[in-house]
Structures are given as C-alpha cells and as structure tokens.
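Here's the structure we're looking at; comments come further down.
Please treat every number below as a calculation from the coordinates, not as lab data. The structure displayed is predicted, hence computed values, not measured ones. So basically every Cβ, Gly included, is an ideal-geometry build from the backbone, and we count neighbours across all protein chains shown.
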Amino acid sequence: MSGTWRTKFLWIILVGFIFAIPLVAGSYVISVMCFIAMFGGLAVGMGLLLEQAGIFSLAHPTWFGLGAYVSGGLAVRGIAPPWLGSIIGAVFVGLVSYVIGAPLLRLKGYYLACATFGLLIIVEISLAQLGSLTGGHEGLMGIPPFSVGNFVLETDRHYYYLSWALCLACLWFLYNLMGSRMGRAVKSFSDSEVAASSMGVNVPRLKLKVFILTAMMASLIGSVYTFYLRFTQPGIFGFPLLVELVTMVIIGGGKTLYGPLLGAFVVMWLRELIHMYLGGLLPRTSAEVDAIFFGLLIIVILIFMPGGLAGWIDRFVYGGRRVRGRPQS
Amino acid sequence: MSFFSQVVQYTLSGLTAGSIYAVIGICWSLVYLITKVLNFTTGEFVMLGGMLTWGFHSAGFGLLPSLLLAVACAILIAIILERVAIRPVRYPSEMTYMMITVAAASVIKGVVLLVWGSETRTIEPFFGTEVIHLFGATMTSQVLCVFGLLVIVTVGLSLFLNRTLFGKALRASSINLTGASLMGINISRFRLLCFGLAGSLAGITGIVITPITFTGYSIGMLTGLKGLVAAIVGGWTMTGTTAAALILGLLEGICAGFVSAGLKDVLALLVMILFLIVRTMKFASRLGRDAR
C-alpha cells in the first residue's frame, strides 16, 4: 500500500481524536458518539458487503439483532455473563449465517436482495411472535450491564470506549483484510465473477467467508448495543434500521472503508439536529419520521453524488487522478 | 361450525388474499419487465390508495369522487416518482434502483404517518354490508369486488397487451428494450406509462381491500412483498403470477386458520426464499454437469 506514513498518521489522528472527545465533551455528545461507533461499525460491514464485495445482502440488521437477542437473553436468564454471551452470540450468528448464506449466496442481484430482505422481515416477525423465548413485542427487559469479572461498565464513558474500541478494531481489521490477497480477490469478483474465477479465485467460498465475517462483526456490535441500551425490541432491528444503514453507506460512500463511518457520523448528528430543531414542528418523532429525511437524502445523494462523501474526498485528495468513489455502471 | 364449512371459510379468505396479491404482483412485473426497476414503492401505493380515499372521504367528498381522486393522486405520485427520483440516476445499476425505491417507500410511509397518524382507517363497503352464505361459510359483498377486480385487471390487461398496437409495443419492449427502441418505440414514454399504470392498479387494489382488511400507514411493506413473492414465483408473467398468488393466498388462509395467524406473514417470505434456493439448485446442478 503506497503512502503508508500517511495512513499511519491518519490512524493516529483518528484514534487520538476519539480518545480525547470524552475528556472535553458532555454526556450528551458522548452518548451520541457511542451510537455513531455502533452504527458506524455496522455500516462499515454493510458497505463492504454491498459496494466492495458486490454481495447485495440486506440482512445486516438481522445479524445485529440476533447477536443482541442471544447475548441479552443469556444474560437476562443468568446463563452466561455478558462477555461470554457476546462471543456465544457471535458464534451462533456465524453458524446461522453459514447455514443461510451457503444456499442464498448463489443468488445474484435483485434475487439475493429480495431473499435477504425476506429474511430480515421473517426474523423481525418471528422475534415478535416467539413470546416465551424473546419477550414478544415488548422485547427483553432488565438486561444487566456489560461486565468482565468484577469490573462493571456503568457510565456512558465506559461504553464509549468499548464501542469505539470495537468499531475501530473492526475497521482496522477490514483495512488489513482488504489490503491482503483475500481482499484483492474480493474486489476482483465484485467487478467480474467470471474473470475472478478464471484467475483461480474460489468465488462462492470467498463470498461466504466475507458474509459470515461481517455477520459476526454485526453480532458483536449488537451485543454491545443491547448491553448499552439494557433492553431489546424486535422493532429496533427491522426496516427503519435498514434504511438508516443504507443511508450511512450511501452518504459516506461504500467504495472506501472509512466512508460508511463518515456516513454514520453525518446521519446520527443530522438526526439529532432534526430532533432538536424540528421536534417542535413535527407532531411526532419516530424512526419512521426520520426515515423521510433519510429517504430523501438517499435519493438526492444517489442522483447528484453517487460516490458519496468519501468519493468526493478522494477526488479532492487525489486531484481527479484516481476517482475511486464512482460506482461502475 | 363444522370442519367442512371451516375449510370453505379459510379457502374463501385465502382466495381473497390471493387475488389481492395477484393484482399487486402484476403491478411489480409491469414495472420490472419494462424498466428493470424492482419498484419497492408498490406496497406503499396500495396503502396510499386506501389512505387517500379515506382522506378525501372524510374531507366531505362522496365515495365515488374520493375514489377517483385517490386513483388520480396515485398516478400523479407514481409519475413524479419516475421523473424525479428514477429517471435522473446517472449510473443506473440494480442496487441504485432498489435503494432509491426503498428510500422512496420509506418517504411515502413517513409522510402518511405524519399527515394522518398511526391509527387504522377504513371506508364503508361499496355495495352495502350484506353477508353471503356459502356452505356454512360467510363472506361480505366486498370480497366479490376483490374477485371482480382480479378478473377485470387480468382480462383487461391481456386484451390490452395482445390486441392493441400500444400493448404489443409494450410487450416488445419488455422482451428486448434496445430492439424495441430501434423499431421506433418511445421507451421513455413507456417507462412513465408503466409506473403510472402500476401505481394506479396498486392504488385501486388498496381502495378495494380497505373495507375488508382496513388500512394504516404501515400495511404497505408486507402487502407489497407478498405481491413480489407472487411475481417472482410466477416468473414475472401474468398467468404465472396469478396462479402463484392464488396458491400463496390459499396456503396463507389455511396456515392462519389451522396453525397460527401471527406466523402467516412469515409463510409467504419463506416460500419466496425456498423457491429462490430451489431454483438456483436446479440451475447449479445442470451447469455443473455441463461443465464436467
């Protein structure tokens, strides 16, 4: 990778910045930044799937939700401590995504999207219907806070560091992955599967690997999310979250890895601004009302700025020599 | 109620649901075949039809004028959607189209929630509230309207597509878009027509089902998805879609009656996923054998 010193420098700045925010900011900013870390981590995985690997999977909120439910459910019943529950959740989601992904990833384009969208709705309805196991529509209540041994994470600040550590670890891992042989293979099959497989890339297997990897990351983030909120509801992991994640990926620009994180930052603060300034004008505020703004934003960005913010930044940085953000038609 | 009349009852409700899915599925395939856009707003137009009719009706219009106004509004919104959101995309890919329509669906849903709130609404049945008895089962006259709608839509569309020059041009452009435009067919006008037609059909469906199933801001997505299931399983053709939708409706009616009403929504989506998987398995094994 060329320009390693610049990459290292940017990483140091990013980590230092993230580390420094809680030292100066209030609890409101910290809690919003907490959500940015979680949804940003999710969006990075989804952007990788959608735009870099070309796997048109919409089931990302499902993995997030399943991870949250497994670790939350185990912790509520006292079966496993939260840290172990998170790992069990990730393993469980890995297995489920293997079983589901193996047949589903043979589909392409619209059909894969429809099947995974169906999966999203099925899981949402099933979580609401299986009342004895998941608490039904009300969801799981009374989830204990995250703890390792005797150390209990209680304040927003603790969760801030936990969620950002997880998010940046995912980002760093994916950066290294996409720079490796496997990452280049992933990029190659998103352009042309035939060309990639003629070069010796085992496309179905690699697709499945990427799918399971991002699903497990989403599940880990979901566990942290549920221990932060201390409750889960089936409605959280449904269609509104999907629209939100897609907005993050598109605003940020999924052709780069940092784009979705940037998108998450923009979307979450935009939502706070909407709630702050338009909260009095709108008769109600809910995820569906936010979706109006996000939906309009998706349409506008896709029409006028298909590369997203990251594509725009790339064009600025590389002076038009290397426009990475633009989707191929 | 005896077992037989129970079966008749569930069959009737299943067929009603099936006819609804059939018309919605035809809306999906109308747009998909010509424009290759998977229009996720279809379900929202079903919702819009019912909600707009309710809105006009409660604003003091009669039932028929508010019905016509609602359909006109649905057509207008569909045309605006095509012109403003789908036409200007610079690098059209399946993903871009799908995201735009999903986004547009959430915008429509959110606006309806803002304007009319989250309560469920209904309008009165078109031909009174008489109940028809059939083998111990009961159905309202509105159910007959739903069946009538399916018959009118399928017969009307097949006459239009097979007998008129315009319809033949439409079929030609669904088979080969480039070839059709080389023959002097104005594709851009057809895109608009398809969106408008699908929007109006979905809107009419929404109006006809409102007295039976009621309507609310959130019904669009699931209803629309079931239409999509029918269209995919039916292979995007009108006969196939109708047959698939009726079978799907029957399955759902029987599942709701004898197993669990809450899980009937899962059934349609499971059917779609299983169908898609089975289809690829068939293809994959054939391709694999050819390669060896």
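Quick look at the values:
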{"quantity": "Where labels lie 7 Å past Cα in the beta-carbon direction, separation of B:Ser260 and B:Thr122 in nm", "calculated": "2.7 nm"}
{"quantity": "Shielding by other protein chains, A:181-188, mean Cβ within 10 Å", "calculated": "0"}
{"quantity": "Efficiency of FRET between A:Val203 and A:Val91 - r from beta-carbon atoms, R0 30 angstrom, step 0.05", "calculated": "0.75"}
{"quantity": "Gap separating the Cα centres of the range B:44-72 and the range A:288-316, nearest whole Å", "calculated": "33 Å"}
{"quantity": "Computed [θ] at 222 nm, helices only, for chain A once each DSSP H run of length n ≥ 4 contributes -39500 (n - 2.57)", "calculated": "-23500 deg cm²/dmol"}
{"quantity": "Debye, to nearest 20: dipole size of chain A, +1 on Lys, Arg Cβ, -1 on Asp, Glu Cβ", "calculated": "1160 debye"}
{"quantity": "By average C-beta atoms within 10 angstrom, highest first, the peptides B:187-193, B:198-204, A:83-89, B:67-73", "calculated": "B:198-204, A:83-89, B:67-73, B:187-193"}
{"quantity": "Full-extension gain in nm, A:Ala195 to A:Trp11, via 0.36 nm per residue minus C-alpha separation", "calculated": "62.8 nm"}
{"quantity": "Peptide-level mean, for A:126-132, of C-beta atoms on other protein chains within 10 Å", "calculated": "2"}
{"quantity": "Whole-Å semi-axes of the range A:56-102's equivalent ellipsoid (Cα gyration tensor)", "calculated": "22, 10, 7"}
{"quantity": "Given charges at Cβ of Lys, Arg, Asp, Glu: chain A dipole, positive-most of A:Gly280, A:Val152, A:Leu84", "calculated": "A:Leu84"}
{"quantity": "Cα gyration tensor category, rounded, prolate or oblate, for the range B:1-123 with a/c compared to 1.5", "calculated": "oblate"}
{"quantity": "Among B:Ile185, B:Val107, B:Leu48 the positive-end extreme of the charge dipole of the range B:3-261 (Cβ point charges)", "calculated": "B:Ile185"}
{"quantity": "Filter on B:Lys36/B:Lys109; B:Lys226/B:Lys264; A:Lys187/B:Lys36; A:Lys187/A:Lys209; B:Lys36/B:Lys168; A:Lys108/A:Lys255 - keep pairs with C-alpha separation over 21 Å", "calculated": "B:Lys36/B:Lys109; A:Lys187/B:Lys36"}
{"quantity": "Rounded Å value of the spacing that divides the Cα centres of the range A:187-259 and the range B:192-245", "calculated": "30 Å"}
{"quantity": "Which of B:Gly136, B:Leu197, B:Gly216, positive extreme of dipole for the protein assembly as shown (C-beta unit charges)", "calculated": "B:Leu197"}
{"quantity": "Average beta-carbon neighbours from other chains, 10 Å sphere, peptide B:87-94", "calculated": "5"}
{"quantity": "Proximal charge balance of B:Val111 [Cβ under 12 Å; K/R count +1, D/E count -1]", "calculated": "-1"}
{"quantity": "Cα→Cβ-extended label distance, 7 Å offset, between A:Ala20 and A:His137, nm", "calculated": "4.9 nm"}
{"quantity": "The range A:2-318: C-alpha gyration tensor shape, a/c 1.5 cut-off, then a/b vs b/c", "calculated": "rounded"}
{"quantity": "Derived scalar couplings ³J(HN,Hα) [the range A:214-221; Karplus, 6.51 cos²θ - 1.76 cosθ + 1.60; whole Hz; x for Gly, Pro]", "calculated": "5, 5, 5, 4, 4, 5, 4, 5"}
{"quantity": "Dipole magnitude of the range A:35-175, debye to nearest 20 (Cβ charges: Lys/Arg +1, Asp/Glu -1, about Cα centre)", "calculated": "300 debye"}
{"quantity": "Local electrostatic count at A:Leu177 - Lys and Arg +1, Asp and Glu -1, tallied over other residues with Cβ under 13 Å", "calculated": "+4"}
{"quantity": "Prolate/oblate/rounded label for chain B (Cα gyration tensor, a/c 1.5)", "calculated": "oblate"}
{"quantity": "Interchain or long-range residues, amide H under 5 Å from B:Thr140's placed H", "calculated": "B:Ile132"}
{"quantity": "FRET efficiency, B:Leu182 to B:Ile79 (Cβ-Cβ, R0 30 Å, nearest 0.05)", "calculated": "0.70"}
{"quantity": "Descending Cα extents along the principal axes, the range A:48-163, whole Å", "calculated": "48, 33, 22"}
{"quantity": "Efficiency of FRET from Cβ geometry, B:Ser141 and A:Val99, R₀ 60 Å, rounded to 0.05", "calculated": "0.80"}
{"quantity": "By average C-beta atoms within 10 angstrom, highest first, the peptides A:298-309, B:175-186", "calculated": "A:298-309, B:175-186"}
{"quantity": "Residues B:Val46, A:Val243, B:Val278 arranged by fewest to most Cβ contacts within 10 Å", "calculated": "B:Val278, A:Val243, B:Val46"}
{"quantity": "Projected label distance in nm at A:Lys187 and A:Val152, using a 7 Å step from Cα toward the beta-carbon", "calculated": "4.8 nm"}
{"quantity": "Sum of side-chain charges, A:Pro240 neighbourhood, beta-carbon under 9 Å (Lys, Arg +1; Asp, Glu -1)", "calculated": "-3"}
{"quantity": "Residue-averaged [θ]222 nm for chain B, counting only DSSP H segments that reach four residues, each worth -39500 (n - 2.57)", "calculated": "-26000 deg cm²/dmol"}
{"quantity": "Whole-angstrom Cα spans of the protein assembly as shown along principal axes, big to small", "calculated": "73, 59, 57"}
{"quantity": "Most mobile listed residue (A:Trp63, A:Trp11, A:Trp312) in chain A, GNM with C-alpha springs under 10 Å", "calculated": "A:Trp11"}
{"quantity": "Test item: Cα-centred dipole of the range B:60-165, Lys/Arg +1 and Asp/Glu -1 on Cβ, debye", "calculated": "420 debye"}
